[in-house]
1. Among 94-101, 17-24, what's the highest-first ranking by average C-beta atoms within 10 angstrom per residue?
2. Over the chain, what percent of the accessible surface lies on carbon and sulfur atoms, probe 1.4 Å?
3. Quick one: Karplus J couplings for segment 17-32, per residue in order, coefficients 6.51, -1.76, 1.60, θ = phi - 60°, nearest Hz, x for Gly and Pro?
4. Restricting attention to the alpha-carbon atoms of segment 158-216, what are Rg (one decimal) and Dmax (integer), both in Å?
5. For segment 106-118, what does the Karplus curve 6.51 cos²θ - 1.76 cosθ + 1.60, with θ = phi - 60°, yield as ³J(HN,Hα) per residue in whole Hz, taken in order and with x for Gly and Pro?
6. Which whole-angstrom value gives the distance between the alpha carbon centres of segment 160-216 and segment 30-66?
7. Please give the per residue volume of the convex hull enclosing the alpha carbon atoms of segment 30-75, rounded to a whole number of Å³.
8. Using only the Cα atoms of segment 54-159, construct the convex hull and provide its projected area averaged over every direction, in square nanometres to one decimal.
Amino acid sequence: MAIDTRTVSIAQRDLILGLEEGHFADLKAIEIAPAKLTKTIAAFANADGGELYIGIAEDLATHTRSWRGFARVEDANGHIQPFETLFPLGTDFDYTFLTCPGEPGFVLQVQVRKSSDIKRASDSTVYLRRSAANLPVTTPEALRRLEYVKGLSSFETELVDAPTDVIVNSIPAIEFMLQVVPSVEPEPWLNKQRLLREGRPTVAGLLLFAEEPQAL
């Protein structure tokens, strides 16, 4: 499967380098072992999803980050393989190679969505993303809680009888899209994030991006 390559601006590069690692974001250098990478992938999928950038180096002494991607897109094959293993149908993630003028190599951007089932890392352990940590789920009780959560249809995913424009063309949506890297139109992005489904917004979509969600 061919992977899209996008060019980002210097300003968008700075947004990536300045990302705060947390519940929804993580940055890795290209030296990370694919087996270790599966912990982050599984943790994101078992929690609420997240965004991963592979190709961002950090000086541990100064905590300064720099863009240092793969010299060739083929060099990322070993890092891509874990995604194909954990998500054999390829439905719970998207990846894109990013380049930036004047910066070395290709950074692999991976968007991992919340999975409907429980994912295990290559060490057969279940991990869950909490803040900036990948926490192992080690007790039967914790695993049962996660299984229960995975089986729920939450209120936030319910569809609302409202036009798509209330979140596609809203001020909060437009302001948010200006921060998305690489640049994207609101409607395709909202569909990809499942905040729009079947031509209608979800409750979560309204809460996040409608200008007056209480009115709807």
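1. Working: 94-101: 17.8, 17-24: 13.8.
Ranked by mean Cβ neighbours within 10 Å, highest first: 94-101, 17-24.
2. Working: 6270 of 11650 Å².
Here it works out to 54 percent.
3. Residue by residue, segment 17-32 yields 5, x, 4, 8, 5, x, 4, 10, 8, 8, 10, 10, 7, 5, 6, 4 Hz.
4. When restricted to the Cα atoms of segment 158-216, Rg and Dmax are 10.4, 32 Å.
5. Values, residue by residue: 10, 8, 8, 9, 10, 9, 9, 8, 4, 8, 7, 10, 8 Hz.
6. Each part reduced to its Cα centre gives a spacing of 28 Å.
7. Numbers: hull volume 4.8 nm³, N = 46.
That works out to 104 Å³ per residue.
8. Working: hull surface 39.7 nm².
If you wrap the Cα atoms of segment 54-159 in a convex hull and average its projections, you get 9.9 nm².
The values are calculated or read from the model by the stated rules, or taken from the named source; none is laboratory data. This is a predicted model, so every value here is computed, not measured. Cβ sites come from the backbone with ideal geometry, for glycine too, and all protein chains shown count toward neighbours. Remember, those area values only see protein heavy atoms, side chains included, never the ligands or the DNA or RNA. Shrake-Rupley method; radii C 1.70, N 1.55, O 1.52, S 1.80 Å.
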